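Trainee: Attaching a single structure in structure tokens format; questions to follow.
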Amino acid sequence: MSGVERFRVVGGARLSGSVSVPGAKNSVLKLMAAALLAEGTTQLSRVPSILDVEIMAELLRRLGCTVDHADDQLSITVPEAPGHEADYDLVRRMRASICVLGPLLARCGEVSVALPGGDAIGSRGLDLHVEGLKRLGAEIESEHGFLIARAPQGLHGGQVWLDFPSVGATENLLMAAVLAHGTTIIDNAAREPEIVDLCHLLESMGAKLGGVGTSTLEVQGVDRLSPAAHTTVGDRIIAGTFAFAAAMTQGDVEVRGAVTQHIDIALDKLAQAGAEVDGGDDWFRVSIDRRPSAVDVVTLPFPGFATDMQPFALALNAVADGTAMITENLFDGRFAFVHELVRLGAEVRTDGHHAVVRGKPLLSGAPVRATDVRAGAGLVLAGLVAEGVTTVSEIHHIDRGYPDLATTLRGLGADIVREPEPEASY
Ligand code: EPU
């Protein structure tokens, strides 16, 4: 149904109150893939009710697994010999499906994953996944729209230097290396908190890892892994969404359940913008009673400013006092939503991977369209500070990563509802 619904936001409310964040989308999808590494039942807790989890659950079912999701608990029972083909219809809907490549190759010695094709945030390659797996002994070819990987003699340990600390490539290599013969070193590995979370599950399953949380991961392959139980790390990007929403609306919001350290750099930006920020290990509070000041932002791999929060920084600067430069270093398509923000009256000029934003006291409500999950959330934030009514369409993108964003924002005092998209009259 969500494909024909939209959000209707009436701007002007000052957000205040307390929210709790769910488990992280970008962790749980990989934890679900990691379950494939062991026969038996892996139990995941703090699993968010979002579309991407449903898609990954369907993918696992098609591979022969039994998946049950009740409340925030997910159990995945993996057969002795899972299937090894991920179809185009699911991979197309969710690019993260590519994370079954490493575990299935390790477990089955063979895997076919449909190539994801284009997506809304740029030309996201798979070369680092492919080159890394080849270093572990995989033979890989692309045929009829599928990436086919085989390791007829089994995978072996190897040294991999990633040209770029890719999150997805690091995860696929980790999940392949845990069952390879010998030791693998992944250098220039990504060290996002979601990768650390994956490492913790793998360790509970019996994997031997060193350098967890650093850019040099050492994996000593083992013969087999056992299923385990694990609680998903809190979603730092959702936490950041509410932090920016608080600052933009000149509000006062407490956010619970994410590791504050995971978004230190974003909170520091909000402090630079004039917000008061305080908190403890797993909660923080952002309050501000004046218009925020403009702040420059540069996206980088963790611990740099997350590209997933870049749309929120853009939206904040659209109503800040002053001019800011936003530099996007991760994804070439991530400014696509600027056209929509401009429809709300924002003054933004992009040039390559830079955007210059001149803040205005208020935006002006209009119909806009979500182009991806974070851009969609950024537009909702912009709607909160736009005069009159903003409608955000194509919210299936937002549903991919946010369990019921409208209800949570309403709890903080926002005027936002989910409503049917009116039928086109032509
Ligand atoms: N890249 C390559 N070749 C590769 C792999 C990556 O050129 O083989 C490039 C990509 O094209 C991109 C950059 O490297 O320009 C970063 O890609 P990365 O592999 O690090 O990202 P990802 O694994 O595809 C995950 C998250 C993204 C998040 C990024 C960066 C998931 C499911 N997705 O993507 O989250 O933006 O890491 O932190 O974990 C989102 O949640 O909205 C989202 C897009």
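Trainee: Quick one: what pairs do we get from the range 369-391, first residue away from the ligand (no atom under 16 Å from the Cβ), second in a helix (DSSP H, G or I) and among the acidic types (D, E), C-beta under 7 Å, 6+ apart or different chains?
Mentor: Note: pairs meeting the criteria are R369/E340.
Trainee: I would also like to ask the following. Regarding the range 390-413, can at least one residue be identified that is open to solvent by less than 10 Å² (accessible area, probe 1.4 Å), in the same structural domain as L300 (by TED's automatic domain parsing), of a type in the set (S, T, N, Q) and out of contact with any His (no Cβ under 6 Å at 6 or more places or on another chain)?
Mentor: For the range 390-413, residues open to solvent by less than 10 Å² (accessible area, probe 1.4 Å), in the same structural domain as L300 (by TED's automatic domain parsing), of a type in the set (S, T, N, Q) and out of contact with any His (no Cβ under 6 Å at 6 or more places or on another chain): present.
Trainee: How about the range 393-416: which of its residues are of a type in the set (A, V, I, L, M, F, W, C) and within 16 Å of the ligand (Cβ to nearest atom)?
Mentor: I395, I398, L405
Trainee: Same structure again: Among what's in the range 124-166 and is among the acidic types (D, E) and within 15 Å of the ligand (Cβ to nearest atom), pick the residue that is nearest to L330 (Cα to Cα).
Mentor: From the range 124-166, those among the acidic types (D, E) are 127, 131, 139, 141, 143, 163; that's our starting set.
Those still in the list that are within 15 Å of the ligand (Cβ to nearest atom) too: 127, 131, 163.
Values: D127: 15, E131: 20, D163: 13 Å.
Per the stated criteria, the residue is D163.
Trainee: While we're here: Is one or more of the residues making up the range 203-217 under 19 Å from the mean Cα position of the chain (by Cα) and of a type in the set (S, T, Y)? Can you show your working first?
Mentor: First, the residues of the range 203-217 that are under 19 Å from the mean Cα position of the chain (by Cα): 213.
After this cut, where a residue has to be of a type in the set (S, T, Y) as well, the list is none.
So far as the range 203-217 goes, no, none of its residues is under 19 Å from the mean Cα position of the chain (by Cα) and of a type in the set (S, T, Y).
Trainee: Identify, by number, the condition in (1) among the charged types (D, E, K, R); (2) more than 24 Å from A169 (Cβ to Cβ); (3) in contact with a Gly (Cβ under 8 Å, 6 or more places away or on another chain); (4) not assigned by TED's automatic domain parsing to the domain that holds V356 that E218 doesn't meet.
Mentor: The one condition E218 does not meet is (2).
Okay, residues lined up against (1) open to solvent by 20 Å² or more (accessible area, probe 1.4 Å); (2) within 16 Å of the ligand (Cβ to nearest atom); (3) of a type in the set (A, V, I, L, M, F, W, C):
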residue	(1), (2), (3)
P303	yes, yes, no
Q310	no, yes, no
A318	no, no, yes
F335	yes, yes, yes
E347	yes, no, no
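Trainee: Give me the strands (runs of 3 or more DSSP E) completely within the range 2-115, filtered to those with at least 2 residues that are touching a Cys at 6+ places or on another chain (Cβ under 7 Å) and open to solvent by less than 20 Å² (accessible area, probe 1.4 Å), ordered by residue number. Explain how you work it out, then say what you get.
Mentor: Details: elements: 5-10, 16-20, 40-45, 66-70, 73-78, 110-114.
It comes to 73-78.
Trainee: Does D252 satisfy the condition of being within 16 Å of the ligand (Cβ to nearest atom) and acidic (D, E)?
Mentor: For D252, the condition - within 16 Å of the ligand (Cβ to nearest atom) and acidic (D, E) - is not met.
The values are calculated or read from the model by the stated rules, or taken from the named source; none is laboratory data. Given the structure is predicted, the values throughout are model-derived calculations rather than measurements. Glycine also receives a Cβ, built like all others from the backbone with ideal geometry; neighbour counts cover every protein chain displayed. We work out accessible area using only protein heavy atoms, side chains counted, and drop any ligands, DNA or RNA first. Shrake-Rupley method; radii C 1.70, N 1.55, O 1.52, S 1.80 Å.
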